[in-house]
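Q: What follows is a structure written as structure tokens; I'll ask about it next.
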Amino acid sequence: MPRVSRLCLACLVLCGLVAVAWGVSLFRGVVYNSQPRADGDGPTVQIGLGRGYIYGTYHPTRFFGIHRSWTFGPIDGPVRWWFSASLPDRHGFYALRVPLWSVAFLLLILPGVTLSLPVVRRLRGRCLACGYPRAGLAPDATCPECGTPAKA
């Protein structure tokens, strides 16, 4: 299997996983809370997935008694369809929310572009493998650049 095909397949599989994560995140959330330094002072980081988006919050000094842990469970609030950020909000928190549809979109761009290359090359009269211009060659001649046989 060519490298491009494996990359496309990997992107499509990841996109499918993102779609499943989006569906699950509508009903259940998962959050990771970081543990600050032993003295209880230091940055607090929270990364989560829920209501259709991935989010992260950061506070440089505040500690809320939340130790390193994973939390699973129902989540409430609206479904988020667009990006949002607060840098910082009135309590000193930095927050960023990225909707999962945007992650899936980015994962679909690569397969869409790479799978369309042979079609574009054929329409422009170029070799499907290397892109060499086939103008002036017999329709059944092999490519003089890479030796790929012509395809009907």
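Q: Closer than 15 Å to V31 by Cβ and in contact with a helix residue (DSSP H, G or I) (Cβ under 7 Å, 6 or more places away or on another chain), is that true of I54?
A: yes
Q: For residues that are at pLDDT below 85, more than 18 Å from Y55 (Cβ to Cβ) and surrounded by 13 or more Cβ atoms within 10 Å (Cβ to Cβ), scanning just the stretch 15-41, find the one that is farthest from the chain's Cα centre (by Cα).
A: Applying the filter and picking the extreme gives P36.
Q: If you don't mind, there's one more thing I want to ask. For residues in the stretch 72-117 being at pLDDT 75 or above and among the charged types (D, E, K, R), which is surrounded by the fewest Cβ atoms within 10 Å (Cβ to Cβ)?
A: D76
Q: Just checking, does the stretch 79-86 include any residue being of a type in the set (D, E, K, R) and either within 22 Å of R28 (Cβ to Cβ) or touching a helix residue (DSSP H, G or I) at 6+ places or on another chain (Cβ under 8 Å) (or both)?
A: Checked the stretch 79-86: at least one residue is of a type in the set (D, E, K, R) and either within 22 Å of R28 (Cβ to Cβ) or touching a helix residue (DSSP H, G or I) at 6+ places or on another chain (Cβ under 8 Å) (or both).
Q: Now for a separate question. Please go through (1) under 30 Å from A150 (Cα atoms); (2) surrounded by 11 or more Cβ atoms within 10 Å (Cβ to Cβ); (3) under 25 Å from the mean Cα position of the chain (by Cα) for R126 and return the number of the only condition it doesn't satisfy.
A: R126 satisfies all of (1) under 30 Å from A150 (Cα atoms); (2) surrounded by 11 or more Cβ atoms within 10 Å (Cβ to Cβ); (3) under 25 Å from the mean Cα position of the chain (by Cα) except (3).
Q: So the check is Cβ under 6 Å with 6+ separation or different chains; which pairs have a first residue in the stretch 89-101 that's among the small types (G, A, S) and a second one that's at pLDDT below 85?
A: Close Cβ pairs satisfying both conditions: G92/H59; A95/T57; A95/S86.
Q: Still on this structure: For residues that are outside any loop (DSSP other than H, G, I, E, B), among the aromatic types (F, W, Y) and under 18 Å from F93 (Cα atoms), scanning just the stretch 54-71, find the one that is modelled with the highest pLDDT. Full working, then the answer.
A: Going through the stretch 54-71, the residues outside any loop (DSSP other than H, G, I, E, B) turn out to be 54-59, 69-71.
So of that shortlist, the ones also among the aromatic types (F, W, Y) come out as 55, 58, 70.
Then drop every residue that is not under 18 Å from F93 (Cα atoms), which leaves 55, 58.
On the way: Y55: 84, Y58: 81.
Going through the qualifying residues, I end up with Y55.
The values are calculated or read from the model by the stated rules, or taken from the named source; none is laboratory data. From a predicted model like this one, the values you see are computed outputs, not experimental measurements. Neighbour counts run over all protein chains shown; Cβ positions are idealised from the backbone, glycine included.
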